[in-house]
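A short write-up of the structure that comes next.
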Amino acid sequence: MSLFRVTGFRRLIVELVSDGLTFFALGLVLMTALALPSFQLTASGEFNQVDDYAITFLDRYGNEIGRRGIRSDDSIELATIPEHLINATLATEDRRFYEHFGIDIMGITRAMITNVRANSFVEGGSTITQQLAKNLFLSSEKTITRKLHEAFLSLWLETHYSKDEILKLYFDRAYMGGGNFGVAAASDYYFGKKVQDISLAESAMLAGLFKAPTKYAPHVDLAAARGRANDVLTNMVQAGFMTEGQVTAARLSPAFPIERFEDVESPNYFLDWAFNEVKSIIKDYPVGTAFTVRTTVDPVLQKHAENSVASILREEGEAYRVQQGAMVVLEPHGAVRAMVGGSDYGKSQFNRATSPTRQPGSSFKPFVYAAALETGKFKPNTVISDAPICIGDWCPKNYGRSYAGRVTLKSALARSINTVPVRLSQATGRQPIADLAHKMGIQNSFPVTRSLALGVISVSVMDMASSYAVFANGGYKAKAFGISRVTTLRGDVVFDAKRDIARERILQPETVSGINEMLRAVVTSGTGRRAQVPGTPASGKTGTTQSYRDAWFAGYTGNYVAAVWYGNDDYTKTNNLTGGRLPAQTWQKFMSYAHSNVKIADLEGAEFERLEVGLEQIEDSDSEAPPLVRPPTLTDEAGEKLRELERTFQELLFRLDGSTGTADVSAASHQELG
């Protein structure tokens, strides 16, 4: 080995080369280990399946209210796709597509420099191949592991497919918003054209959708879509695909999508939630991908719920510095009649009604009182001390920083006193309260801490409504459901809620009666007075969290249950907004309308003065602006009978047309039958 002994400068070079080879070998081993999951994905030979269901949704009366599922068309050859659409896509998404090997080192470097200069994420470095790898094999989670798998899969795609084949797959599989996968389906949906026939302006708008389809979809925000299309045209000029003169006409005459009023008027937050529910129901159904779904939503109540939230935000949202609201309306057995997931579905599709991320504050206290009443040791008139209390170093205080001394449970709940539920939680134990909350309808898990009694947990508006429905229906579990029936296009029944939903008693009748009595006092003389509805047994509870980040009102009558939330998506505090203000006002506005022209149901334990007001009395009122009155409605069964009668008439008319061969007889018969 003395022959290989080196010294001085040559030894430095040998050491560096040796270490470099060692780390290179280790790097290869590490890369192989990281690539193993990617090898397994490619070995299966299966791509990610898109949501390959086509669902038609009906309201509770059988009228179509919207559709969800895929619109996809991969039958278009790459050679027939307009050159300006291809160039617009390459100029915007991957200008060096035909030059790199799946990963664009120059593009990544350029994006990093741009982001550092801007001190924010303004440009991505993913190639079309990388985006396709994600679409075909991976999820959308933003993790380092996923990016590594994406890189390996990109190299695999480049070695197994030609550049044109990769581009064709990208055009077929990319999500384009509105339930559309691929440029062919998107072209038909947005412009009512075959993709071969679209103009340069329309191509620019489609190419702009790849980055953020829900943000730049023209039916969501036309101004944003046109602004994005203008950026695409600029990219085409910078990439050398077109001159500024060639794109001038497209800038002056931007694309205009066809109108789709049915999508705008649909209860979209509800449909998004119901679509996920349907997929869980039909995932194991062996045959077919197209289904008809009868939902529980009431279109009249849904529209008024949307108007109630929107009008309150429009009139008073700015004063209270609150931007978002959510509302869920149920019947006491759990059927969802209305859902509002935010102030504007077009601007944000995030469903705040079903997301379990907000603290309920004092609206959680009825669970504490219910757990106490369930023990049999407490009644609404039981006297308890409202005085300072500490558990370790935690000393909760009342809202007004004052104490009332000895008070009844009914008075303590009506006034939303904090120390009393804390004392009750000590008497019953905190775990029984948590267990009862879960049994009643709070689905997400939460830590059982000393602040549990004051609602320091995370819940959803949906779960709050479901839980309060237990009080409204006499103590039975009432898990919210929006799907009443699922059938195939041939009429085969896949699911029937009447057959699948069983009643489970959660609370004893005495507990329900006591809670109804106490929550009725909240509305008549406590923090929820703005929620009073004349002639109905309105009962409920306000809730306000620390720093005024969340404001709630959850309540019920014998007819309906509703939970209302207001707050901001970024958790910034409002301008001292409490549950007794906008949430209670929204609840009252909706319930007043919902209870007009219906028989008011009793509520055990909740005293109220029945007020029968007929439609003619309201019309004869001297008020300049009489209150809105809900139109009379049919039961679900009556609606079904009418639809059967309509189908019978149509069949009879068809037979009359066939027997006479004339249109006049059909028309005359139709008038006579009418």
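The values are calculated or read from the model by the stated rules, or taken from the named source; none is laboratory data. Everything quoted here is computed from the prediction, not taken from an experiment. FYI the Cβ positions are ideal-geometry reconstructions off the backbone, even for glycines, and counts take in every protein chain you see. Ligands, DNA and RNA are excluded from the accessible area calculation, which covers all protein heavy atoms including side chains. Shrake-Rupley method; radii C 1.70, N 1.55, O 1.52, S 1.80 Å.
Per-structure values
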quantity: Selected residue (criterion: nearest to the chain's Cα centre (by Cα)) from residues of the stretch 519-537 that are among the hydrophobic types (A, V, I, L, M, F, W, C) and either modelled with pLDDT of 95 or more or within 17 Å of residue 453 (Cβ to Cβ) (or both); calculated: 531
quantity: Residues of the stretch 18-68 classified as open to solvent by 80 Å² or more (accessible area, probe 1.4 Å), among the aliphatic types (A, V, I, L, M) and modelled with pLDDT of 65 or more, total; calculated: 7
quantity: Strands (runs of 3 or more DSSP E) lying entirely in the stretch 448-558 (those with 2 or more residues that are over 19 Å from residue 414 (Cβ atoms)); calculated: 483-488, 493-496
quantity: Among (1) of a type outside the set (Asp, Glu); (2) open to solvent by 30 Å² or more (accessible area, probe 1.4 Å); (3) at pLDDT below 95, the one test that residue 321 misses; calculated: (3)
quantity: Selection count, the stretch 353-370, where residues are open to solvent by less than 10 Å² (accessible area, probe 1.4 Å) and of a type outside the set (Phe, Trp, Tyr); calculated: 8
quantity: Count of the stretch 436-447 residues which are part of a loop (DSSP other than H, G, I, E, B) and either open to solvent by 10 Å² or more (accessible area, probe 1.4 Å) or not aliphatic (A, V, I, L, M) (or both); calculated: 6
quantity: Matching residues in the stretch 108-159 - criterion: being at pLDDT below 70, in contact with a helix residue (DSSP H, G or I) (Cβ under 8 Å, 6 or more places away or on another chain) and aliphatic (A, V, I, L, M); calculated: 122
quantity: Criterion violated by residue 151 - all others in (1) open to solvent by less than 40 Å² (accessible area, probe 1.4 Å); (2) under 18 Å from residue 127 (Cβ atoms); (3) not in a helix (DSSP H, G or I) satisfied; calculated: (3)
quantity: Flag for residue 279 being open to solvent by 70 Å² or more (accessible area, probe 1.4 Å) and in a helix (DSSP H, G or I); calculated: no
quantity: Search result, residues across the stretch 292-309 that are within 26 Å of residue 572 (Cβ to Cβ) and open to solvent by less than 40 Å² (accessible area, probe 1.4 Å); calculated: 305, 308, 309
quantity: Scope the stretch 559-573; condition buried (at least 24 other Cβ atoms within 10 Å of the Cβ) and outside any strand (DSSP E or B); matching residues; calculated: 560
quantity: Entirely in the stretch 161-267, the helices (runs of 4 or more DSSP H) that have 2 or more residues that are of a type outside the set (Asp, Glu) and either in contact (Cβ under 8 Å) with a residue 24 or more places away in the chain or surrounded by 17 or more Cβ atoms within 10 Å (Cβ to Cβ) (or both); calculated: 163-173, 183-191, 200-207, 213-216, 222-238, 244-252
quantity: The lone exception for residue 411 - which of (1) open to solvent by 10 Å² or more (accessible area, probe 1.4 Å); (2) in a helix (DSSP H, G or I); (3) free of Cβ contacts under 8 Å to residues at least 40 places away in the same chain it fails; calculated: (3)
quantity: Condition check for residue 427: closer than 26 Å to residue 330 by Cα, of a type in the set (A, V, I, L, M) and part of a helix (DSSP H, G or I); calculated: no
quantity: Yes/no for residue 162 being within 30 Å of residue 31 (Cβ to Cβ) and at pLDDT 90 or above; calculated: yes
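A quick yes/no check of all residues on (1) under 30 Å from residue 350 (Cβ atoms); (2) at pLDDT below 95; (3) of a type in the set (A, V, I, L, M):
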| residue | (1), (2), (3) |
| --- | --- |
| 425 | no, no, no |
| 470 | yes, no, yes |
| 498 | no, yes, no |
| 507 | no, no, yes |
| 517 | no, no, no |
